[in-house]
Amino acid sequence: MSAPLPFNDLKAQYTALQAQLDAAAQRALASGWYILGRECRAFEEEFAAYCGAVDCAGVNSGTDALSLALRACDIGPGDEVITVSHTAVATVAAIRNAGATPVLADIDPATFTLDVQDAAARVTPRTRAIIPVHLYGQAATMDEVLNLAQAHGLRVIEDCAQAHGAAYHGQIVGTLGDLGCFSFYPTKNLGALGDGGAVVSRDAELIERVRRLREYGWTPAERYVSQIEGTNSRLDEVQAALLRVKLPLLDEWNERRRALAARYDQLLPPVLIRPTEGTGNYHVYHLYVVRIPSEAGMSRDALRDALAEQGIATAIHYPVPVHRQPAYASLFGDLALPVTETIAAQILSLPLHPLLETRDIQRAAEALDKLLP
Ligand SMILES: Cc1ncc(COP(=O)(O)O)c(C=O)c1O
């Protein structure tokens, strides 16, 4: 068997930037200030500027970013929030953490993002927000989402955890809706070396509310006094310092992801259904996900095993839709989401990260070519 082709390589990403990352961590460590200090504030300013937002609040994770964004909009018990079932379970966990009720809609079979017509059919008098998920690195159909939200007076909270730097008709995601929520989980397009997250907005007041919520409901003027009920969800200084090293490289690494994705597009056997870039989308390929249709003559799982035998690692994002997860199924009764359920059995994520070589893409594509008709 030839050398393994891993799905991702975080060690290589660290090694490529080791001198700068070590220096940044050292700077934060030597400062003697570890929580909500200069590094976090500087990163918030830099990330807000990158996204074209007015302000940004660093938090502990993408999950917290979403639940604090909901709470900043006063959304909680008794309120319904529409999102997709075909997402990281975190999206739905965040709605539950805020005390609200998730309502799940189906997706578009080509782009894998929210089917806005299906979402529209699920609006009730209790609906307060929509969370479009910019899955795999491309924005949901935001003009339709924003029209629906406007028609019903709903908040739009973007789940940008997989889409740092993606754009929709030229505008970077995170500022299209009311609030944009990011994860800096290490594998993300902008990844920390630990947990982290952020909320951005064009509305400074909403970010101020997130800031209070992330630290027990305190304000800078009144520490130790909780005017509102908050929690502890802060981006620490070391992670912020590391993120400041990586942020200037985000565009270049996104371009590299796009170039590698284009190579897959060229080389994969025709029977595989390639990713579709929606109109006006600048897709940043957090993941390169293909569909294996029945004409492939081989199931997704058999194909995955055959690739693994050749040392080629793949993944499935996600094998079980949220409404079918053991922990959540009882919330959704007999909800049927036909597109979501069909594609869950057909999708396969191929290796893609910015430090991959073109020859790695060739190797994966050749292996698939030999296995498929
Ligand atoms: C679409 C989506 N939403 C939310 C999250 C949650 O982010 P985190 O793992 O930082 O809590 C993730 C990442 O896991 C994600 O992929």
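Cross-link partners of Lys246 among lysines, defined as those whose alpha carbon lies under 26 angstrom from its own and excluding same-chain residues fewer than eight positions apart: Lys11, Lys188. For the chain, place one equal point scatterer on every Cα, skip the solvent, and apply the Debye formula. What is log10 of I(q)/I(0) at q = 0.15 Å⁻¹? Relative scattering, expressed as log10 I(q)/I(0), comes to -1.34.
Binning all Cα-Cα separations of segment 249-371 at 10 Å, short to long from zero, yields these whole-percent fractions: 12, 39, 32, 15, 2. Computed over segment 33-140, the Cα gyration tensor eigenvalues convert (square root of 5λ each) into semi-axes of 28, 17, 12 Å, ordered from largest to smallest. Within a Cβ distance under 11 Å of Asp74, other residues only, what is the Lys/Arg minus Asp/Glu net charge? Result for the neighbourhood of Asp74: +3. Per residue of the chain, the DSSP helices (runs of n ≥ 4 H) give a summed -39500 (n - 2.57) that works out to -11500 deg cm²/dmol at 222 nm.
Taking other residues whose beta carbon is less than 9 angstrom from the beta carbon of Tyr34, and scoring Lys, Arg as +1 and Asp, Glu as -1, yields -2. Within the shell of other residues whose beta carbon sits under 12 angstrom from the beta carbon of Thr340, the net charge comes to -4, with Lys and Arg scored +1 and Asp and Glu -1. Sorted fewest first by neighbouring Cβ atoms within 10 angstrom, Arg128, Arg223 come out as Arg223, Arg128.
Once the chain from Leu355 to Thr15 is taken as fully extended at 0.36 nm per residue, the excess over their C-alpha distance is 121.3 nm. Relative to the current alpha-carbon distance between Phe7 and Asp22, full extension at 0.36 nm per residue lengthens the span by 2.9 nm. The fraction of all Cα pairs in segment 101-254 landing in successive 5 Å bins from 0 to the largest distance is 2, 9, 15, 18, 19, 16, 12, 7, 2, 0, 0, given as whole percents. The 3J(HN,Hα) values that the Karplus relation (6.51, -1.76, 1.60; θ = phi - 60°) gives for segment 100-113 are, in residue order, 8, 9, x, 10, 9, 10, 7, 10, 7, x, 8, 9, 6, 9 Hz. Gly and Pro appear as x. Bridgeable lysines around Lys370 (alpha carbons under 20 Å apart, same-chain partners fewer than 8 residues away excluded) are absent. Normalised by residue number, the volume inside the convex hull of the Cα atoms of segment 162-208 is 64 Å³ per residue. Reducing segment 112-183 and segment 331-354 to their Cα centroids gives an inter-centroid distance of 19 Å.
Couplings for segment 117-132, taken from phi via the Karplus curve 6.51 cos²θ - 1.76 cosθ + 1.60 with θ = phi - 60°, read 5, 5, 4, 4, 6, 9, 6, 10, x, 8, 5, 10, 8, 10, 10, x Hz in order; Gly and Pro are left as x.
The numbers here are math on the coordinates, done by the rules we state, and not lab data. Remember, it's a predicted structure, so these values are computed and weren't measured experimentally. Backbone-built Cβ (ideal geometry, glycine too); neighbour counts: all protein chains shown.
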